[in-house]
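**Student:** Submitted below is the structure of interest, expressed as structure tokens.
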Amino acid sequence: MQIEILGNAESVAEQNGALVIKTQQAEARVMVYSPTIIRVCISKHFSAVDESFAVIEKPQDEFTWQKLHDTIELTTPALKLVINKYPLRFNFYTTDGKPLSEDDPRFGTNWQAERVINYRKLYPDEKFIGLGEKAGDLDRRGCNYVNWNTDAAMHTPTTDPLYKTFPFFIGLHSGLTYGLFFDNTHKSYFDFGATTDEQMSWFGADGGDMNYFFFGAQGIRNILQDYTWLTGRMEMPPLWSLGYQQCRWSYMSAEEVLEVATKFRERNIPADVMYCDIDYMDGYKIFTWNKKTFPDPEGMIDQLKAMNFRLVTIVDPGIKIDDNYAEYKEGVEKHYFATYPNGELYTGSVWPGRCHFPDFLNEEVREWWGASFKALSAPGVEGFWNDMNEPAAWGQNIPWMVKFGERFMPEIRNVYGMQMARATYNGTKRILNNKRPFILTRAAYAGTQRYSAVWTGDNAATDEHMLFGQRLVNSLGLTGMSLIGVDIGGFMGNPTPELMVRWNSLGVYTPMFRNHAALGMSMREPWQWGEAYEQIIKKDIEQRYKLLPYIYSGFYQSTQTGLPLSRTLAIDYTTDENVFDIKYQNQFLFGDSILVAPVISTAETAEVYLPAGDWYRLNSDEKFAGNQVVNTPAPLTDLPVFIKAGAIIPMQNIIQSTNEPGDGVLLINVWNSDKPSSFVYYEDDGVTYNYQKRAYHKRTITFDPQKKEIVFGEAEGNYQSKYSKIQVVGHGFGDSTLDKITNNSNSSFSIAW
Ligand code: MIG
């Protein structure tokens, strides 16, 4: 196999807003999307259409460029790209000339047959974070990864690849930050200095173009903002999806679903969501119900609704080959399924038996798929869980020659699940008629945040998996995803009661709080662990419900800035080496000001690293100075959770479901500090899209320690808050206790102490 090098620049010209540089073998196009976002696309044969599944923006900003002797310099207000002509190399600098990231001068971009690779300089102190759902540590330096969406059943904390593809990472060195998104759907590879003797970092793919976006903003928050500007942000999720979710493979009948839901209410354990896994269907045929075990779906869902529960049902992509099945017949007639090159339909086996696979890359197929959800939405389902969409075929390989429209399996595999989620989202959004659907997908590609929540697949009931799951959540948060869950309790295997309790207490601070287990595993509901443990789990779930006003405002932030709800400490404490220490790397901030330290179930104390600033232990209000490791009690009743000084955390009194009106009191908890701080409070009806027409209630709440005041700014939007009273509760105010209740008002007001 020959190595094909990029060669020397032979011509340069500005064409349609792009800088086009030609070499003998290839062409490079440089496009500026914003002052901090530059795209480089290098190809041997550009196709006529420039399309991306991830990117929703177009190049727009102006740039200047000049031809120098050996280089071309392209400048934006924030970045300088120095393009070496002999040979062609791309090097990114700050405007004052500090290197952010450069091609490896020896190799740059080259090809081996269809494989395209970009080799980059590795800086001595360079760290790498990101890539989403990937094994290993927070700092990925020294590791290499493959993106190839896989049904990774029985995976371990070192398995690669897993279910999803997010070819986006952030590099940190010399006190600088940059991001790089390799928008290529083929099987791709990332090597962060894992190459012998750490001579370089590199990334590449089995096919397609060397098509990457370079992000040069300083600060991880700014890079995330830019990345999610480019690839989109999530919408406000339905509020009910943020409550406690009870799942299982499977609750086998309508009776069982109702029985479990009833138990939550009898025991006063808050919950919002019940799930039906694959056994609700008739022979695993998608969009059908089992007539024996679920004879009256609408009746069942009505009863769930009467108890303030919502229902989520699973769908898999495989459509059963069965002449008495409408979706099969229609799909065949209209050529909606993937084929072999000779036109024969591709067949693979999954739950229903022999199946065909919808071509979700085709818009007409997506429309058809989306409209089929009427069979589920008509009786009242509002949440749609997309499983097996890597796609999985019982662990078997899907031949490379299988075609989806004009494209073959190797090019589409990594986006198949995302396109299924897109079809599901668009279809159900239309059917639900202004109500927000909840979509949950296992496979994903960059940009999936626009359509769906994700969970991390089939984990196991061990402490190790619990900690690994948290790292996955933290890492997925660096890719625009915010509504992320793990199977609380572990999918495979049976947790000890202690692990179950501990994992639930972490679930309180997991963006999506869903308890799930595999077929044949022990039952997982909160009452399965004995009275004492049930009470701890109940208290934890209650804590989740108290925090919902804060959590909802946190998701509002995700919709505006792309900042995730669960944040690795690397986001805000980027230059603090301790946050990358494997002892502390699982810690995270949940929203702006809650620091959570996951602890295994067999430990009763924990070493927690508190970064710069002052912190309070949540359950005692004991104060700690930051920049130190504290050895702290961690009994099963009290996960180490610390609150940042100056935190403003809106809470509510306990409700049993987000569908309950509650007592109308919004508790504004404030932790004392000598510095001022603020919080953006956001509320809307939680279920419709009216918020997109200003039906929200949003205000900034400010804490002013000098004036000794909490100021509630004027409320924006046309939605009347469901909280008629505001109670301000101070923590750490010493003798001058702060606990005042007042009427809520849309105009500005303040509370002094
Ligand atoms: O072959 O639907 O990850 O959450 O319970 C297993 C049954 C298929 C895998 C999912 C899991 C789900 C299970 N599914």
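The values are calculated or read from the model by the stated rules, or taken from the named source; none is laboratory data. Please read all numbers here as calculations on a predicted model, not as lab measurements. In this analysis, Cβ positions are derived from the backbone assuming ideal geometry, glycine residues included, and neighbour counts consider all displayed protein chains. Ligands, DNA and RNA are excluded from the accessible area calculation, which covers all protein heavy atoms including side chains. Shrake-Rupley method; radii C 1.70, N 1.55, O 1.52, S 1.80 Å.
**Student:** Based on this model, can you work out whether LEU361 counts as open to solvent by less than 30 Å² (accessible area, probe 1.4 Å) and part of a loop (DSSP other than H, G, I, E, B)?
**Tutor:** Values: open to solvent by less than 30 Å² (accessible area, probe 1.4 Å): yes; part of a loop (DSSP other than H, G, I, E, B): yes.
So LEU361 fits the description; yes.
**Student:** Yes or no: region 383-391 includes at least one residue that is of a type in the set (A, V, I, L, M) and away from the ligand (no atom under 16 Å from the Cβ). Steps first, please.
**Tutor:** Taking region 383-391 first, the residues of a type in the set (A, V, I, L, M) are 388.
Those left that are additionally away from the ligand (no atom under 16 Å from the Cβ): none.
Looking through region 383-391, none of the residues is of a type in the set (A, V, I, L, M) and away from the ligand (no atom under 16 Å from the Cβ).
**Student:** Under the condition of being assigned to a loop (DSSP other than H, G, I, E, B) and among the small types (Gly, Ala, Ser), which residue from region 606-639 is most open to solvent (accessible area, probe 1.4 Å)? Explain how you work it out, then say what you get.
**Tutor:** Pass one, region 606-639, residues assigned to a loop (DSSP other than H, G, I, E, B): 611-613, 618-622, 626-627, 634-639.
Checking the rest, the ones that are also among the small types (Gly, Ala, Ser) come to 612-613, 620, 626, 634.
Details: ALA612: 49, GLY613: 44, SER620: 70, GLY626: 16, ALA634: 0 Å².
Going through the qualifying residues, I end up with SER620.
**Student:** Mind listing just one residue for me: the one in region 265-290 that is without any contact (Cβ under 8 Å) to a residue 60 or more places away in the chain and assigned to a helix (DSSP H, G or I) and, of those, nearest to the ligand (Cβ to nearest atom)?
**Tutor:** Filtering region 265-290 for residues that are without any contact (Cβ under 8 Å) to a residue 60 or more places away in the chain and assigned to a helix (DSSP H, G or I), the one nearest to the ligand (Cβ to nearest atom) comes out as ASP279.
**Student:** Could you list all residues from region 245-264 that are among the basic types (Lys, Arg) and within 16 Å of the ligand (Cβ to nearest atom)? Lay out the reasoning, then the answer.
**Tutor:** Keep residues of region 245-264 that are among the basic types (Lys, Arg), which gives 248, 263.
Across region 245-264, the qualifying residue is only ARG248.
**Student:** From the residues in region 391-406 that are touching a helix residue (DSSP H, G or I) at 6+ places or on another chain (Cβ under 6 Å) and in a loop (DSSP other than H, G, I, E, B), which one is most open to solvent (accessible area, probe 1.4 Å)? So that I can check it myself, show each step before the final result.
**Tutor:** The first filter runs over region 391-406 and keeps only residues touching a helix residue (DSSP H, G or I) at 6+ places or on another chain (Cβ under 6 Å), leaving 391, 398, 400, 402, 404.
Keeping just the survivors that are in a loop (DSSP other than H, G, I, E, B) gives 391, 398, 400, 402.
Details: PRO391: 4, ILE398: 6, TRP400: 179, VAL402: 0 Å².
Taking the candidates together, the pick is TRP400.
**Student:** Another question about this same structure. For the structure I just gave you, tell me whether PHE712 is at pLDDT below 95 and open to solvent by less than 40 Å² (accessible area, probe 1.4 Å). Full working, then the answer.
**Tutor:** On the way: at pLDDT below 95: no; open to solvent by less than 40 Å² (accessible area, probe 1.4 Å): yes.
In short, no.
**Student:** Taking the options LEU519, LEU506, name whichever one is away from the ligand (no atom under 16 Å from the Cβ) and of a type outside the set (S, T, N, Q). Before you say what the answer is, go through the steps one by one.
**Tutor:** Values: LEU519 fails: away from the ligand (no atom under 16 Å from the Cβ).
Among LEU519, LEU506, only LEU506 is away from the ligand (no atom under 16 Å from the Cβ) and of a type outside the set (S, T, N, Q).
**Student:** If I filter region 336-358 down to residues being among the hydroxyl-bearing types (Ser, Thr, Tyr) and within 30 Å of the chain's Cα centre (by Cα), which single residue comes out as least open to solvent (accessible area, probe 1.4 Å)? If you could, list the steps in order and put the result at the bottom.
**Tutor:** Looking only at region 336-358, we keep the residues that are among the hydroxyl-bearing types (Ser, Thr, Tyr), and these are 336, 339-340, 346-347, 349.
Subset that is within 30 Å of the chain's Cα centre (by Cα): 336, 349.
Details: TYR336: 13, SER349: 28 Å².
Result: TYR336.
**Student:** On the basis of being away from the ligand (no atom under 16 Å from the Cβ), open to solvent by 10 Å² or more (accessible area, probe 1.4 Å) and small (Gly, Ala, Ser), does ALA378 make the cut?
**Tutor:** Details: away from the ligand (no atom under 16 Å from the Cβ): yes; open to solvent by 10 Å² or more (accessible area, probe 1.4 Å): yes; small (Gly, Ala, Ser): yes.
In short, yes.
Residues are listed down the side, and each one gets a yes or a no for (1) on the phi > 0 side of the Ramachandran plot; (2) small (Gly, Ala, Ser):
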position	(1), (2)
ALA194	no, yes
GLU198	yes, no
SER201	no, yes
ALA217	no, yes
MET252	no, no
VAL273	no, no
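**Student:** Select, from LEU19, LEU100, the only residue that is surrounded by 15 or more Cβ atoms within 10 Å (Cβ to Cβ), among the aliphatic types (A, V, I, L, M), over 31 Å from the mean Cα position of the chain (by Cα) and part of a strand (DSSP E or B).
**Tutor:** Values: LEU100 fails: over 31 Å from the mean Cα position of the chain (by Cα).
So the residue among LEU19, LEU100 that is surrounded by 15 or more Cβ atoms within 10 Å (Cβ to Cβ), among the aliphatic types (A, V, I, L, M), over 31 Å from the mean Cα position of the chain (by Cα) and part of a strand (DSSP E or B) is LEU19.
**Student:** For region 219-245, give me each residue that is closer than 23 Å to LYS58 by Cα, open to solvent by 10 Å² or more (accessible area, probe 1.4 Å) and of a type outside the set (Lys, Arg). Can you show your working first?
**Tutor:** Taking region 219-245 first, the residues closer than 23 Å to LYS58 by Cα are 220-235.
From what's left, open to solvent by 10 Å² or more (accessible area, probe 1.4 Å): 221-222, 225-226, 229, 233-235.
Once the filter is applied, which keeps residues that are closer than 23 Å to LYS58 by Cα, open to solvent by 10 Å² or more (accessible area, probe 1.4 Å) and of a type outside the set (Lys, Arg), region 219-245 yields ASN222, GLN225, ASP226, TRP229, MET234, GLU235.
**Student:** Let me ask something else about it. Can you work out which of the residues in region 302-335 that are open to solvent by less than 10 Å² (accessible area, probe 1.4 Å) and of a type in the set (Ser, Thr, Tyr) is nearest to the ligand (Cβ to nearest atom)?
**Tutor:** If we take residues in region 302-335 being open to solvent by less than 10 Å² (accessible area, probe 1.4 Å) and of a type in the set (Ser, Thr, Tyr), then THR313 is nearest to the ligand (Cβ to nearest atom).
**Student:** Hey, any hits in region 675-684 for a residue that's of a type in the set (Asp, Glu), in a loop (DSSP other than H, G, I, E, B), more than 25 Å from GLN470 (Cα to Cα) and in contact (Cβ under 8 Å) with a residue 12 or more places away in the chain?
**Tutor:** If we filter region 675-684 for residues that are of a type in the set (Asp, Glu), which is where we start, we get 683-684.
Okay, now just the ones that are also in a loop (DSSP other than H, G, I, E, B), so none.
Among the residues of region 675-684, not one is of a type in the set (Asp, Glu), in a loop (DSSP other than H, G, I, E, B), more than 25 Å from GLN470 (Cα to Cα) and in contact (Cβ under 8 Å) with a residue 12 or more places away in the chain, which makes the answer no.
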